[in-house]
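First comes the structure, then the notes that go with it.
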Amino acid sequence: MYFSELEKLIANSPLQELSPFLQADFLDSIRHGDHRRWQRLVSELPELVPEHLDFGPVIEIGSAAECSEDKRQQIHKLLFEFMPWRKGPFRVFGVDIDSEWQSNLKWDRLADAIAPLEGRTVLDVGSGNGYSSLRMHAARARLVIGLEPHIPYYGQFSALKHFIQNLPVYVLPLALEALPRPLPCFDTVFSMGVIYHRRSPLDHLLQLADCLRPGGQLVMESIVVDGEKGYSLMPEARYANMGNVWFIPSVDTLQTWLEKCEFQNVRLVDVSTTSHSEQRQTEWMPFDSLQQALSDKDPSVTVEGYPAPQRAIFLCEKA
């Protein structure tokens with residue numbers, strides 16, 4: 001398993017507290033019906049070491065010229081078994097993974113605003129299959145650790161990592177709440193698309209603060225709604241067909257939450273309405289997407305009648 005390299009990197013450092021989560025007995029304890037199958041699929045991927053790597057808008061691992069047609073078909077077949085691919089896009093030895101989200105668009109909205117990642121130790125909370133984590137590596141981060149408790153996405157990253165084992169980018173099958181506290185080891189912490197899935201958003205912010213060194217930067221991205229300071233939407237049941245949404249703040253409310261949790265220099269860097277070009281159904285994610293989440297009669301509201309998703313990005317620092 002690729003965690004042996006991470007163990008070496010964090011040895012004799014405060015991050016060594018993560019070591020119990022890197023052991024075989026912990027990984028074997030994962031409870032998901034398909035986890036063993038995904039492990040088997042990763043083991044069946046061809047042993048290829050890519051010469052071509054490009055971590056631009058489309059993350060490219062290897063080129064079509066670096067493997068035979070038979071192996072490319074094998075890669076396609078096996079990676080397709082990890083569907084649905086939510087984040088991306090990727091190209092793996094010529095196999096195009098057209099993900100639901102064009103995650104490069106979100107990255108473009110924040111890349112020039114954040115503190116330079118060169119030489120930094122970075123935590124990516126809710127990292128999914130590692131698309132943004134790999135973009136962080138391309139921005140010269142020293143080490144990127146992603147946290148992803150949703151095992152299907154962790155499985156997807158494991159499949160990608162099979163080909164890029166030497167990169168200092170890792171995704172752990174953990175929720176933020178599982179980390180030892182405090183663990184003030186990270187120069188930059190990203191929490192993108194997570195806070196509205198938390199029953200207690202302030203606890204989430206305090207946990208993020210516990211992971212930052214003093215002066216370290218938090219990159220916070222969330223769905224937001226229009227409203228006054230102090231207002232947040234609490235859906236009665238589902239929001240945009242999502243059942244695990246608790247609080248969606250207004251922009252001013254999210255800023256207040258950050259300030260109340262003693263982050264400083266809080267500033268808004270972007271607010272964007274999610275478009276069908278950014279989130280949509282594809283062959284690699286054929287299930288309900290944004291189109292099915294919005295009203296047919298009025299796309300400015302969700303199927304439940306709530307305001308359609310807007311996303312805001314805040315930057316701030318730990319005091």
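Points worth noting:
- Filter pass, Leu27 being closer than 24 Å to Pro173 by Cα and surrounded by 18 or more Cβ atoms within 10 Å (Cβ to Cβ): no
- Segment 151-198 - residue that is in contact with an Asp or Glu (Cβ under 6 Å, 6 or more places away or on another chain) and not in a loop (DSSP other than H, G, I, E, B) and, of those, surrounded by the fewest Cβ atoms within 10 Å (Cβ to Cβ): Met192
- Any hit, segment 17-30, residues being under 20 Å from Met285 (Cβ atoms) and either at pLDDT below 95 or in a strand (DSSP E or B) (or both): no
- Of the candidates Ser250, Ser232, Ser289, Ser277, the single residue that is among the small types (Gly, Ala, Ser), in contact with a Pro (Cβ under 6 Å, 6 or more places away or on another chain) and farther than 30 Å from Cys185 by Cβ is Ser232.
- In segment 302-314, the residues that are closer than 11 Å to Val224 by Cα form Cβ pairs under 6 Å with partners that are surrounded by fewer than 16 Cβ atoms within 10 Å (Cβ to Cβ) and of a type in the set (D, E, K, R), at six or more places apart or across chains, as follows: Ile313/Asp270.
- In segment 147-173, the residues that are within 27 Å of Gln207 (Cα to Cα) and touching a residue at least 40 places away in the same chain (Cβ under 8 Å) reach residues that are among the acidic types (Asp, Glu) and buried (at least 18 other Cβ atoms within 10 Å of the Cβ) with C-beta atoms within less than 7 angstrom, at least six apart or across chains, in these pairs: Val171/Glu148; Pro173/Glu148.
- Any chance Phe263 is touching a residue at least 12 places away in the same chain (Cβ under 8 Å) and out of contact with any Cys (no Cβ under 6 Å at 6 or more places or on another chain): no
- Selection count, segment 262-290, where residues are over 20 Å from Ile114 (Cα atoms) and either at pLDDT below 95 or out of contact with any Lys or Arg (no Cβ under 7 Å at 6 or more places or on another chain) (or both): 14
- Cβ pairs under 9 Å, 6+ apart, first in segment 75-91 and touching a residue at least 24 places away in the same chain (Cβ under 8 Å) and at negative phi, second basic (Lys, Arg) and part of a helix (DSSP H, G or I): Glu81/Arg37
- Considering only residues in segment 60-88 that are of a type in the set (Phe, Trp, Tyr) and out of contact with any Ser or Thr (no Cβ under 8 Å at 6 or more places or on another chain), the one that is surrounded by the fewest Cβ atoms within 10 Å (Cβ to Cβ) turns out to be Phe80.
The values are calculated or read from the model by the stated rules, or taken from the named source; none is laboratory data. Owing to the predicted nature of the structure, the values given are computational and were not obtained by experimental measurement. In this analysis, Cβ positions are derived from the backbone assuming ideal geometry, glycine residues included, and neighbour counts consider all displayed protein chains.
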